[in-house]
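Participant: Dumping the structure here so I can ask a few things about it.
Read the figures in this text as sums done on the coordinates, not as results from a lab. For clarity, every value in this text was computed on a predicted model and none was experimentally measured. A quick note on method: Cβ atoms are made from the backbone with ideal geometry, for glycine too, and the neighbour counts reach across all protein chains shown.
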Amino acid sequence: MALKKLLFFTVLTFFLSNFALTQWQFVGFQTGVGSFPSISVSGPNTVAIGGGPNGQPKVYLSINGGVNWTTLGTTGLGTLEFYCIWMKDANTIFTGDGGAVGGAGGNASYYKTTDGGATWTVLGSTGGSAGFINGIVFSNTNPMFGVTESDPPLGAGQPYYLSITTDGGVTWTVTNPPGVSGAASAQNSIVVIDDQWYGFGMNAGASRVYYTSNGGSTWNVGNLGIAGSFISGFAMSTDKLRGIAISNTSLPNVARTTDGGQTWTSVNTGGDVTGYGTVKWIEGTDIVYISGQTGASGVVKKSTDGGVTWSTMTTGGITGLTHMEFFKDVNAVGITIYGYAVAGDGSVIKLVDMVTSLNPVNSEIPTEFKLQQNFPNPFNPVTTINFSIPKSSHVTLKVFNSIGQEVASIVNKYLPAGNYSEQFAATSNLTSGVYFYKLTADGFSDTKKLMLVK
């Protein structure tokens, strides 16, 4: 009996500890963040909040996972509260303010510090009488490329204000994408994949996003076809095909694209996610998070299949979530995702989400992508397929019949660099004949032939 009790409590402890690692928990509280604070993460325990009360720009920094916070200096800053923030590390931080005091907008500015907030430098100002700096975002795949985005400085429907950097934020070049009738843009809705694909959510009229897929040469409107017009969250996969967007109203308010933003369909997340919803797609994976409100309670939804299905996460009873960000740490067994979200009252919640992957067959790191011939071949009913990936990537390994129809998905997940061995077991409905298996990873693709003989 004692042994059974020990085993029970051991299993229970294991379950609870792992459950806690994959749910949000309250970690700290910071006063004076303003009504719409933003958050940025540069490491597992390094996080910053940008905000401030009316007319008081504030940046707060934590280096112990949100437990304790330091108020950074304001030398060189203006007198307007911040509406967005992006940190490269604890020393290098970018922020953008909200234009005129009181939220009217206009002549918004964006800043940079390289000494942990001791001094700040003005990088640029929008001019005009309308708009806010709604986002400063750098590409995860090309960290030297970043975009600062503002509402149209001359009012809704006029050209937008974008400032582009290709040297990590040292210098910036202003561009002005064409305006869209009646629309400005939404705070923290900007998404940047690389120097070709970036965009943001609109805030008026029909539910729409605005994006470029060719580095700003042309701009496209994506009509979401969902309720609401304020698109507060927008995210894309690094494949530049799949994306999720959310409005700040009630259902149906989440949409999904699989063709790079051209067409969108409504998605059922299993319940309302209203308020200033945020969407974040974890680079190189199929994991997507949505944050917002359900009634009076904060809520975070999670998808592990690119937004097709969703589960609800706990949020520690926090209300009024305004923004969330993530840091992805690649390790030997997969990835660990560190997430932080902030609420309008200054509450901060944290997520540590461990995602395991397939186990490499050995510890050797290959130097090239490679798909090997299956063995045995011909086979019945099981064969082995070996492949190698020299860098962490989202990997798919699929089997197709002779007319191109998918008959099996063997691998469809994020994997660290390594050599892998997978088995394909032909199901009873597959007939004898020639089939093809295809490996895709980080732009690499290779297809080989296999033969099933029953």
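Participant: Using only the Cα atoms of the stretch 144-244, construct the convex hull and provide its projected area averaged over every direction, in square nanometres to one decimal.
Facilitator: Averaged projected area of the stretch 144-244's Cα convex hull equals 6.0 nm².
Participant: Against the longest alpha carbon principal axis of the chain, how many degrees, from 0 to 90 and to the nearest 10, is the axis of helix 2-21 turned?
Facilitator: 50
Participant: Please report, to one decimal in angstroms, the Kirkwood hydrodynamic radius of the chain built from all distinct Cα-Cα pairs.
Facilitator: After inverting the pairwise mean of 1/r, the radius is 23.3 Å.
Participant: Same structure, new question: Please arrange Tyr83, Tyr414 by counting, for each residue, the other beta carbons lying within 10 Å of its beta carbon, fewest first.
Facilitator: By the 10 Å Cβ count, ascending: Tyr414, Tyr83.
Participant: Would you tally the net charge around Gly222, using a Cβ to Cβ cut-off of less than 12 Å, leaving Gly222 out, and scoring K and R as +1, D and E as -1?
Facilitator: That sum, taken over residues with Cβ under 12 Å, equals +1.
Participant: Quick check for you: which residues of the stretch 60-80 have the amide N under 13 Å from the point 7 Å beyond the Cα of Gln25 toward its beta carbon?
Facilitator: Label zone hits: 65-67.
Participant: Over the residues of the stretch 275-350, compute the C-alpha Rg and express it relative to 2.2 N^0.38 Å.
Facilitator: It is 1.10.
Participant: If you average the alpha carbon positions of the stretch 260-312 and of the stretch 370-391, how far apart do those two centres end up, in angstrom?
Facilitator: If we compute the Cα centre of each part, the gap is 36 Å.
Participant: Here's another thing I want to ask about it. Which whole-number percentage describes the relative contact order of the chain, with Cα contacts under 8 Å and a sequence gap of 6 or more?
Facilitator: 10
Participant: Further question on the same structure: Could you check the simple spin-label distance between Asp89 and Lys370, using points 7 Å along Cα→Cβ, in nm with one decimal?
Facilitator: If labels sit at Asp89 and Lys370, their model points lie 3.6 nm apart.
Participant: Moving on to the next point. State, to one decimal in nm, how far the label point of Asp446 lies from the label point of Met144, with both points 7 Å from Cα in the Cβ direction.
Facilitator: Inter-label distance under the simple model: 3.0 nm.
Participant: Something else about it: Using per-residue counts of other Cβ atoms within 10 Å, averaged over each peptide, order 30-36, 150-156 from highest down.
Facilitator: With the highest mean Cβ count within 10 Å placed first, the list reads 150-156, 30-36.
Participant: Let me ask you something else. What ranking of Tyr111, Tyr289 emerges when the number of other C-beta atoms within 10 Å of each C-beta is taken as an exposure proxy, fewest first?
Facilitator: Tyr111, Tyr289
Participant: What does the helix-only formula give at 222 nm for the chain: each DSSP H stretch with n ≥ 4 adding -39500 (n - 2.57), the total divided by the residues, and the result rounded to the nearest 500 deg cm²/dmol?
Facilitator: -1500 deg cm²/dmol
Participant: If you average the sequence gap of Cα pairs under 8 Å that are 6 or more apart and divide by the length of the stretch 48-108, what percent do you get for the contact order?
Facilitator: 29
Participant: I would also like to ask the following. Going by how many other beta carbons lie within 10 Å of each one, how would you line up Tyr420, Tyr160, fewest first?
Facilitator: So the ranking, lowest neighbour count to highest, is Tyr420, Tyr160.
Participant: Still on this model: Rounded, prolate or oblate, given the Cα gyration tensor of the stretch 73-215, with a/c below 1.5 counting as rounded?
Facilitator: oblate
Participant: Continuing with the same structure: Starting from 0 in steps of 5 Å, tell me what percent of the Cα-Cα pairs of the stretch 361-454 lands in each bin.
Facilitator: In whole percents, the pair-distance histogram is 3, 14, 27, 24, 16, 11, 5, 1.
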